[in-house]
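The values are calculated or read from the model by the stated rules, or taken from the named source; none is laboratory data. Note that the structure is predicted; figures quoted are calculated from it, not measured. No Cβ is skipped: glycine too gets one built from the backbone with ideal geometry, and neighbour counts run over all protein chains shown.
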Amino acid sequence: MVDKALGTGGRKSEKDLKIRLKTAKGRKTGSTKWLERQLNDPYVAKARAAGYRSRAAFKIKEMDEKHHIFRQGMRIVDLGAAPGGWSQVAARATGSTDANPLIVGIDYLEMDPIPGVTLLMKDFTDDDAPSMLIAVMGGKKADLVMSDMAWPTTGHRPTDHLRIVQLIEIAAAFALDVLAPGGMFIAKVFQGGTEHELLHMLKRHFKTTHHAKPPSSRSDSAEAYLIAKGFKGSNDTSPGEGEYDR
Ligand SMILES: C[S@@+](CC[C@H](N)C(=O)[O-])C[C@H]1O[C@@H](n2cnc3c(N)ncnc32)[C@H](O)[C@@H]1O
């Protein structure tokens, strides 16, 4: 049941206007708490108003404002694209159209079409997924590989940690394969979860590596993003620079 609580005397304070959900016996389940948070999240409302399919759209927009990610005409691969917020932002920022699509998105979940984006419904960890993405790109190199992928959590932290690291490693290997020199790799990581080895490897292949925590990424979430810029191409692997940016 949805309850828009009113304070005393009929005056509504911002706190009072919060939507609270009542459950049987007054107890809140995890899904009730999640729904309550969604209903009260300003980014969810902002996303709806701006025509974005997810609040995640603001994470990539904020990273773009700070780190200058997008430019007109660039080719992009969006890993873990559903429901499509990042792809929508990317298509608008690059000028991608259905006649000349510059963005390819992959997810194992079904997605509604997005103008200017070619979508593959497939598990990215399938052996044939990389070659399928390359085929969709017509064999052309990408300027940006961006990954917002995360497995559903099991609740067992060591298992979750290993699974996310494995996913990032596969995404990073794919990026090294398909990026044009000067290209960029962005991946969702979890704070304390970016493996030294992976970071070390990325530093060898990219001129700069940053960690970012965009304001719309919930502060109680360990989620962060790794932004690696200036792909050196397959031959130059001298060490690059790194810093932590919040
Ligand atoms: C946080 S959501 C992405 C949100 C998206 N960036 C947006 O703006 O709408 C993460 C997505 O990664 C997808 N995903 C996770 N593992 C995947 C895999 N192995 N292959 C393809 N998609 C995957 C999930 O299905 C989910 O849709």
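Between LEU133, LEU119, the distinction of being over 26 Å from PRO215 (Cβ atoms), part of a helix (DSSP H, G or I), within 15 Å of the ligand (Cβ to nearest atom) and at pLDDT 95 or above belongs to LEU133 only. In the set (1) of a type outside the set (Lys, Arg); (2) on the phi < 0 side of the Ramachandran plot; (3) within 11 Å of the ligand (Cβ to nearest atom); (4) out of contact with any Asp or Glu (no Cβ under 6 Å at 6 or more places or on another chain), the condition left unmet by TYR108 is number (4). Taking residues in the stretch 87-103 that are in the same structural domain as LYS140 (by TED's automatic domain parsing), and partners anywhere that are of a type in the set (S, T, N, Q) and crowded, with 21+ Cβ neighbours inside 10 Å, the pairs with Cβ atoms closer than 8 Å and at least 6 places apart or on different chains are ALA90/SER96; LEU102/THR94; LEU102/SER96; ILE103/SER87; ILE103/THR94; ILE103/SER96. For ASP127, the conditions (1) assigned to a helix (DSSP H, G or I); (2) within 13 Å of the ligand (Cβ to nearest atom) are fulfilled apart from (1).
Scanning the stretch 194-215 for residues that are touching a Phe, Trp or Tyr at 6+ places or on another chain (Cβ under 9 Å), more than 22 Å from HIS161 (Cβ to Cβ) and surrounded by fewer than 19 Cβ atoms within 10 Å (Cβ to Cβ) turns up LYS207, PRO215. All of LEU162, LEU144, LEU176 fail the test of being outside any loop (DSSP other than H, G, I, E, B) and touching a His at 6+ places or on another chain (Cβ under 7 Å), apart from LEU176. Only one entry in MET137, MET146 is crowded, with 21+ Cβ neighbours inside 10 Å and touching a residue at least 60 places away in the same chain (Cβ under 8 Å), namely MET146. Taking the stretch 56-104 as the range and being buried (at least 20 other Cβ atoms within 10 Å of the Cβ), of a type in the set (Val, Ile, Thr) and more than 16 Å from ALA187 (Cβ to Cβ) as the test, the residues that pass are VAL89, THR94, ILE103, VAL104. Evaluate the following for VAL117: is it in contact with a Ser or Thr (Cβ under 6 Å, 6 or more places away or on another chain) and surrounded by fewer than 19 Cβ atoms within 10 Å (Cβ to Cβ)? No.
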